[in-house]
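Working notes for the structure below.
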Amino acid sequence: MSLVPDQSYESTDNNEIEHKHEVIGDVNVNQSKRNVDDGDGDGSVSVNQAGQHESVIDQVKSKLKVSNHVEMLPCSSNWYSCMISDYNHNDIYIYASKSIIILFNIKTRKFIGELIGHSDRLTSLCFNKFNNQQCISGSCDKSVRLWDIDSCKCIAFHQELHRQPVTFVATSPLVLNLIASADKEGKIVLWRTLNNHTDIIAPIANTEVTFMCFSPNHADLVAIGYVNGVLVIYNLISKSIVTKISAHQQDVLSIVWFDNRVTKNMISGGSFDTLEYIATSSKDKTIKIWKQIDTNTIDKGFSNLAQLNPIKFSSMVNEKSANQQRSWVTLSWSSTHNPQYLVSSSATYDILLWNLQDLKAKPEKLKGGHSRTVFNITQANDPAPKHNNPKANNKYNNRLITISLDRNMIVWENCKAAFKIPGLGGFVYSLDSSPFNPNTLAIGCGDNSIHLWNPMENTDNPYECKSVWKGILSKVTALSICRHVIDGSLIAFGMDDGRVGVYNGNSNQVTMFPSGHKSEIYEVAWKPAKISQDRTKESKLYSVGNNEIYEWDLDNLDKGYLPLSHYVKSGFSGKQKSDIAWSEDGERVAISYSDGTIDIFNKHWEFVAKTKSHSKLVNRLKWNPHNSTLLASGSVDKKVIIYKLSPVAANQNNDGEKENVNSNFEIQVLSTFTGHRGSICGLCWSTSDKNLIASASGDGSVRVWNIETNECLAVIRGHDGRVFTVFWSLLDPTILFSGGEDQTVRMWDYTNPVFKPSIAESNTITPKMAPFNNIVKDSNDTIKPIELQSNTSPNSTSTPNSTPSSTSSSPPPSTSTTTTTINTPSQAPPKKKIIIPLTKDIIQKPDVKSQLLPLTKYYLGKLSSNSNDQYKDFIVDYGNTANNDNETIPSIESIFLDKCDVVKEQIEKESLELLKIDDIDNYLSIHMWNGNIKKALYYIIKHGKLTPNAVSLSMQAGKEIHETVCYLYSQQLVCVGDFHMAVSYLLLIGKVDEAIQVYRKSSHLHEAILLAKSRYPLDHPVVLDLLVEWSDLTSESNPLHSIKCLLSCLNKENKDKLFPEILHLLKSIKSSAKISEIQSLIENSI
């Protein structure tokens, strides 16, 4: 078997048994409102072959995998899995969440990284017993992966040996680098990672393996638990079943094989001999201790020494109700710390300590922890010498880590819960905080809850979080905290079933409004209201859902909702509304639509202005809290646009009096930010700096923009999936919170240098535009706003469509109008593309769009777009002549210097920039200049980024390298399912047998036969084997066709083998005509 380097994968869905329902719901959410596309986000994972050195380029590419957040509220662990957590002696705890492995440092209480690479739900993981910096994982994607913890990368994997989802992985404590993985059809793969050798065994075929445990006493033995309750002891050397026990009535959930050097003369009822003892637990809610029968050999089996019933000691439940609920009993044991205790879960939520020295005694309980079923218990103790005398320490003081159905992870020390980390069980849709309680962050989550997180209040436990779920029976897709002094504890929320509610933090009560929208709610917003002298106020709330906006009155719950069309009469009904936003002073409200239009109204719902700068649905609107004339919008077209609403002098009538026209405003587009590669899902202005705004996108990133300097200040990556919401801290001006599809809320310091955008990423600003709504006069001197389209078709006329200035009807336009038709010019011949422009005055004005060098392209773009020589003082050098106070840019003159190292450094920096933006073809081209194509190909292959262009250019590196690149590219094509092109590249380098096997393994047997017949003689063994295989596949569906296949490959050597098969197939054919036809064919063959 060949173990190939890992390719890039997108992680997928939820972590619970209900994960299919969760994902289906969230897909509908995105289709209905958010319309979040995947874009071209940087969510992929590149991995290395084992033993390769990580270079500077690797560090750039692996930034995404190392956690750069300040704090994180994580996604909860996977449920109903036998072993999805483990601990090493470096204080690193790992657990599975969806398809991701999360790394947590117990000592520092920080999440330090994530292992991303599986494409489906993780089912099992563990640390390598001989290398604490390596862990192994198995998944429903049928792959087994070996990870390096330090680099957060997958260093090897196999994914073709299992045909069914992997159910369990384990490593041997006695055999160096031996990994075993099992699947649902009972197949077990033994993988020796040092030489990449694999063996496949199946002690009980077609029966799912639920647990495996290597013997700590014999290197050749492993215990295997099955879904039918059977326990098998298997010998890996003789490849035979040593003993088979009908251990339980249902699934074996956990196995502990005791180290007989520790348990000698310790287990109650045992003997002084070093016998083998095994503990098992099952879905039948029992724990059984098994003892070796024969003192000399285990071939004679095991006897049941004791049966423990945790259901009898489960808190707050009687035996009858405990038997009715779905329970999970798991085991944990430490050979170094308090080995006289076996730790288990109960039928409910207790942690039980069973004294192995007195199995009849009542177990001790660890209380005050979980509230629902416990799935995994992990021993997290420091390494220490094994206790030869277990009575030396009778008090249980082991450190345990448990995960549960209540989505909490608890660390236990000295039988008490030391600290608790809650987990989120759904997509994070909305974040908000109140100025009256700025320490608390409200989280609207897809797990039917509102979470109140206090990350900055308690530094000892930054994961302190309260969950509100009573009365909330659906996903919370939007929330907003009231900004009134009186009602600062009110949190309005909307759900995906269309209902709207309000949570009162003071009374801890949830109030639901009657009726609601027909589908998911995209946004809820409070109307800012000024408090009158008698301390009364309006409590108006607005919700957006199923393309409509409803108004709710908290003081009149029985009235239900009021459609917004009640206020806005003309041109409002029928439009698909997407968002609503009130200015902080309550004087203006903005409403967006699915066609990219934005309407502005005053507080009396009188029309003020209109704009359409977006080409697609507008997802988010946000007014600047410092300046109520500044509005930001984010759209599915991946743009963030900043507008300024400016008043225009009112017109005077014939009597010299000013007319009161509400539409005397113009909307000026100040900036257009186009750096995101996915839909804009969230916006938030800084609470301390009026010029800063943050945006969240479907490309998995959060960006911070400065609207005054038109700069991108930070590009924050770290989420695994789309980011739905972003919120700026009310306490720290550098702190941002974000949440999204990976079911986490992350706290960032955007000033962290790792988030500084590259030069290519920061060059994403569209210059300022002219005012969008120009106020002009028609022939009747009526003021009318003119809507200017941001994206004008070449075939459109130069006269834009006019829009009524108010809800009242407008006078007809003048009949004398002038129309200018713009003809589409013929396509000009393409400009000559220059690879390195020397200066803008040499040869020709540089065409910046055609530049190959990203750094040069960026700065030449600045020079060519600024006629005021703003950048003339930039130091242009790659050497040591740069001024520390100025920005350094690529030197045009550096190519004239007699310094080879300067030119080399210039090429190196340009190539690094190309790698950052994944421009692989140009990265290869630039390395061809200095003849270092081998190095470039090495990095491209290492990161799994081969392209057809790279393969063709590899010929310049020599025949041997070209053939290697062709072969690796064919394997890359196989991974993505392009089998036909993979075969073509294999044939290009003469690997006919490998090409045939690609077709054969991908179930393209017909193509494999045709290829084999076209390259080999008809009696070649490969052709004959394929025909026999084709015959086996068609033996039941078409026996006649199967017989013809066998006859076509019949010869003297195989006739004795094939004739019985032909006669067997003849029995299934009842047609006499077909039998006669076959007989004649047989006679001709003979």
The one condition in (1) under 27 Å from Thr674 (Cα atoms); (2) surrounded by 22 or more Cβ atoms within 10 Å (Cβ to Cβ) that Lys610 fails to fulfil: (2)
Residue that is nearest to Trp623 (Cα to Cα) [pool: residues in region 576-588 that are open to solvent by less than 50 Å² (accessible area, probe 1.4 Å) and in contact (Cβ under 8 Å) with a residue 40 or more places away in the chain]: Ser583
Residues (touching a residue at least 12 places away in the same chain (Cβ under 8 Å) and either surrounded by fewer than 18 Cβ atoms within 10 Å (Cβ to Cβ) or in contact with a helix residue (DSSP H, G or I) (Cβ under 8 Å, 6 or more places away or on another chain) (or both)) located in region 162-196: Arg163, Gln164, Pro173, Leu174, Val175, Leu176, Asn177, Glu185, Arg192, Leu194, Asn196
Matching residues in region 447-466 - criterion: being open to solvent by 40 Å² or more (accessible area, probe 1.4 Å) and either in contact with a helix residue (DSSP H, G or I) (Cβ under 9 Å, 6 or more places away or on another chain) or in contact (Cβ under 8 Å) with a residue 60 or more places away in the chain (or both): Met456
Count of region 547-600 residues which are of a type in the set (Ser, Thr, Tyr) and either assigned to a loop (DSSP other than H, G, I, E, B) or in contact with a helix residue (DSSP H, G or I) (Cβ under 8 Å, 6 or more places away or on another chain) (or both): 8
Exclusive hit being out of contact with any Lys or Arg (no Cβ under 8 Å at 6 or more places or on another chain), crowded, with 18+ Cβ neighbours inside 10 Å and modelled with pLDDT under 70, set Ile875, Ile889: Ile889
Residue list for region 394-405, filter: open to solvent by less than 60 Å² (accessible area, probe 1.4 Å) and either more than 17 Å from Met83 (Cα to Cα) or in a strand (DSSP E or B) (or both): Tyr396, Asn398, Arg399, Leu400, Ile401, Thr402, Ile403, Ser404
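Table: residues versus (1) assigned to a helix (DSSP H, G or I); (2) acidic (Asp, Glu); (3) open to solvent by 30 Å² or more (accessible area, probe 1.4 Å).
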position: Glu913; (1), (2), (3): yes, yes, no
position: Gly931; (1), (2), (3): no, no, yes
position: Ala936; (1), (2), (3): yes, no, no
position: Leu953; (1), (2), (3): yes, no, yes
position: Tyr969; (1), (2), (3): yes, no, no
position: Tyr985; (1), (2), (3): yes, no, yes
Whichever residue in region 97-117 is without any contact (Cβ under 8 Å) to a residue 60 or more places away in the chain and among the charged types (D, E, K, R) and, among such residues, is least open to solvent (accessible area, probe 1.4 Å): Lys110
In region 78-114, the residues that are among the small types (Gly, Ala, Ser), in a loop (DSSP other than H, G, I, E, B) and in contact with a Lys or Arg (Cβ under 8 Å, 6 or more places away or on another chain): Ser99
In region 702-726, residue nearest to Ser671 (Cα to Cα) [restricted to those that are part of a strand (DSSP E or B) and among the charged types (D, E, K, R)]: Glu711
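Each row is one residue, and each column tells you yes or no for (1) open to solvent by less than 30 Å² (accessible area, probe 1.4 Å); (2) free of Cβ contacts under 8 Å to residues at least 60 places away in the same chain; (3) in contact with a Gly (Cβ under 6 Å, 6 or more places away or on another chain).
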position	(1), (2), (3)
Met266	yes, no, no
Lys283	no, yes, no
Ile293	no, yes, yes
Lys300	no, yes, no
Checklist (1) in a loop (DSSP other than H, G, I, E, B); (2) modelled with pLDDT under 90 applied to Lys320, failing item: (1)
Residues satisfying the stated conditions in region 239-267, i.e. closer than 21 Å to Thr171 by Cβ and not in a strand (DSSP E or B): Lys239, Phe258, Asp259, Asn260, Arg261, Val262
Residue among Ser371, Ser335, Ser430 that alone is touching a residue at least 12 places away in the same chain (Cβ under 8 Å), open to solvent by 10 Å² or more (accessible area, probe 1.4 Å) and not in a loop (DSSP other than H, G, I, E, B): Ser430
Single residue of region 141-152 satisfying the filter (charged (D, E, K, R) and open to solvent by 10 Å² or more (accessible area, probe 1.4 Å)) that is farthest from Gln972 (Cα to Cα): Asp150
Checking Trp469 against (1) farther than 30 Å from Ile401 by Cα; (2) open to solvent by 20 Å² or more (accessible area, probe 1.4 Å), the condition it does not meet: (1)
Residue within region 558-575 that is open to solvent by 60 Å² or more (accessible area, probe 1.4 Å) and within 26 Å of Val640 (Cβ to Cβ) present: yes
Given (1) in contact with a Pro (Cβ under 7 Å, 6 or more places away or on another chain); (2) part of a strand (DSSP E or B), index of the condition Leu730 fails: (2)
Set Asp91, Asp120: member being open to solvent by 10 Å² or more (accessible area, probe 1.4 Å), under 30 Å from Glu185 (Cα atoms) and charged (D, E, K, R): Asp120
Selection count, region 65-76, where residues are open to solvent by 10 Å² or more (accessible area, probe 1.4 Å) and not basic (Lys, Arg): 6
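Per-residue answers, yes or no, for (1) in contact with a Phe, Trp or Tyr (Cβ under 6 Å, 6 or more places away or on another chain); (2) basic (Lys, Arg); (3) surrounded by 21 or more Cβ atoms within 10 Å (Cβ to Cβ):
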residue: Ile680; (1), (2), (3): no, no, yes
residue: Cys684; (1), (2), (3): yes, no, yes
residue: Thr687; (1), (2), (3): yes, no, no
residue: Ile693; (1), (2), (3): yes, no, yes
residue: Thr709; (1), (2), (3): no, no, no
residue: Ile716; (1), (2), (3): yes, no, yes
residue: Val726; (1), (2), (3): no, no, yes
residue: Leu730; (1), (2), (3): no, no, no
residue: Phe737; (1), (2), (3): yes, no, yes
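Each row is one residue, and each column tells you yes or no for (1) modelled with pLDDT under 90; (2) under 18 Å from Arg677 (Cα atoms); (3) of a type in the set (S, T, N, Q); (4) surrounded by fewer than 19 Cβ atoms within 10 Å (Cβ to Cβ).
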{"site": "Asp599", "(1), (2), (3), (4)": "no, no, no, no"}
{"site": "Lys622", "(1), (2), (3), (4)": "no, no, no, no"}
{"site": "Thr629", "(1), (2), (3), (4)": "no, no, yes, yes"}
{"site": "Tyr643", "(1), (2), (3), (4)": "no, no, no, no"}
{"site": "Asn651", "(1), (2), (3), (4)": "yes, no, yes, yes"}
{"site": "Asp655", "(1), (2), (3), (4)": "yes, no, no, yes"}
Matching residues, region 484-505, being outside any strand (DSSP E or B) and more than 14 Å from Leu554 (Cβ to Cβ): Val485, Asp496, Asp497, Gly498, Arg499, Gly505
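The values are calculated or read from the model by the stated rules, or taken from the named source; none is laboratory data. Everything numeric in this text was worked out from a predicted model, so none of it was measured. Ideal geometry is used to build each Cβ from the backbone, glycine not excepted, and the neighbour counts take in all protein chains shown. For accessibility, only protein heavy atoms count, side chains too; no ligands or nucleic acids. Shrake-Rupley method; radii C 1.70, N 1.55, O 1.52, S 1.80 Å.
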